[in-house]
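The structure appears below as structure tokens.
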Amino acid sequence: MTVKISHTAEVQAFFETVAGLGNAQGSPRFKQIMLRLLQDVARLIEDLEITDNEFWKAVDYLNRLGGQNEAGLAAAGLGIEHFLDLLQDAKDQQAGLTGGTPRTIEGPLYVAGAPISDGEARMDDGQDPGTVLFIHGQVFDPAGQPLAGAVVDLWHANTQGTYSYFDSRQSDYNLRRRIVTDAEGRYRARSIVPSGYGCNPQGPTQECLNLLGRHGQRPAHVHFFISAPGCRHLTTQINFEGDQYLWDDFAYATRDGLIGALQFVTDPAKARDRGVEGDTFADLAFDFHLQAAQAPAAEERSERPRALQDA
């Protein structure tokens, strides 16, 4: 017979004590969140009849997840980060905020402080033999006019699917740059075609996905932050048309309006004109349309903890 006690006055009073409601110290907001968490966990244990073994396995899993710095990865893989986007979309719709390039997840691999340049930049350090990629486009303001002085902050993986800073084999800020748009709102970057990648097969995130019968693969993509005074900060990424995992991204980041078409050009003369050794290069054109900031705070990215936060 199922026994349930979490709803009783005695247990509820106990949880309120644990959550610090009986003292004047600490954070009222944190207390509110913690009380709800305790109540919901207790109901989960009761409703699904969680055993002691299952509970302590879950505690061990959380220890390993944090110990391997994969909590952010798990948040993406379990769809929670995508849910935050869906929730903000719904809030925007309710508030009548429309237009602009769609948002999508940031992911856990941004590093602050990338080199900044005007108009254009080279992103790679020349050590990866991948296909040269030219990324370019314009940023437009809420009125649809080219936006000079916007900051295009972009980053992506190498041909092995790894990111600088998190992969010690790469040079500092490899494949990470900030570009200030020119008078016509244009940005231009030379890089290499990135690879898709997957979770560490032996890591705790993939362990969880295995139990769900899911893979941990991502399509090739390029991440972007776009910001400018008076405009709402945009966090987004561009996935590549035709990728095997385009609509089967374990992190659920692919959205209509965020699919870029890689154009591969094989022409020795054109390659030479672009300063490319060899015959082939790739081209990705993508424009961004910003919304107006409804308040100064909307101009800034979230305060999510990130690598080199104070850079």
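So here's what we get for this one:
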read-out	value
Pair list, Cβ < 9 Å and 6+ apart or interchain, from segment 177-188 residues that are on the phi > 0 side of the Ramachandran plot to residues that are modelled with pLDDT of 95 or more and acidic (Asp, Glu)	GLY185/ASP141; GLY185/ASP287
Some residue of segment 205-220 being assigned to a loop (DSSP other than H, G, I, E, B), touching a Cys at 6+ places or on another chain (Cβ under 7 Å) and touching a residue at least 40 places away in the same chain (Cβ under 8 Å)	yes
Boolean, ALA271 is within 25 Å of THR131 (Cβ to Cβ) and in contact with a Pro (Cβ under 9 Å, 6 or more places away or on another chain)	no
Number of positions in segment 266-302 that are in a strand (DSSP E or B) and over 29 Å from ALA148 (Cβ atoms)	2
Residue in segment 133-181 that is nearest to the chain's Cα centre (by Cα), counting only those that are surrounded by fewer than 20 Cβ atoms within 10 Å (Cβ to Cβ) and aliphatic (A, V, I, L, M)	VAL151
Qualifying residue in segment 39-60 (condition: part of a loop (DSSP other than H, G, I, E, B) and in contact with a helix residue (DSSP H, G or I) (Cβ under 8 Å, 6 or more places away or on another chain))	yes
Number of positions in segment 166-204 that are among the aromatic types (Phe, Trp, Tyr), assigned to a loop (DSSP other than H, G, I, E, B) and either touching a Leu at 6+ places or on another chain (Cβ under 9 Å) or closer than 17 Å to ARG218 by Cβ (or both)	1
Selection status of LEU73, modelled with pLDDT of 95 or more, in contact with a Pro (Cβ under 7 Å, 6 or more places away or on another chain) and hydrophobic (A, V, I, L, M, F, W, C)	yes
Selection from segment 1-30 of residues that are assigned to a helix (DSSP H, G or I) and either more than 32 Å from the chain's Cα centre (by Cα) or under 27 Å from THR51 (Cα atoms) (or both)	ALA9, GLU10, VAL11, GLN12, ALA13, PHE14, PHE15, GLU16, THR17, VAL18
Residue in segment 207-224 that is surrounded by 19 or more Cβ atoms within 10 Å (Cβ to Cβ), within 25 Å of ALA183 (Cβ to Cβ) and not polar (S, T, N, Q) present	yes
Long-range neighbours under 7 Å by Cβ, at least six apart or interchain, first residue free of Cβ contacts under 8 Å to residues at least 24 places away in the same chain within segment 230-251, second among the β-branched types (Val, Ile, Thr) and outside any loop (DSSP other than H, G, I, E, B)	ASN239/ILE259; GLU241/ILE259
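The values are calculated or read from the model by the stated rules, or taken from the named source; none is laboratory data. None of these values were measured; they are calculated from a predicted model. As a convention, Cβ positions derive from the backbone with ideal geometry for all residues, glycine included, and neighbour counts pool all protein chains shown.
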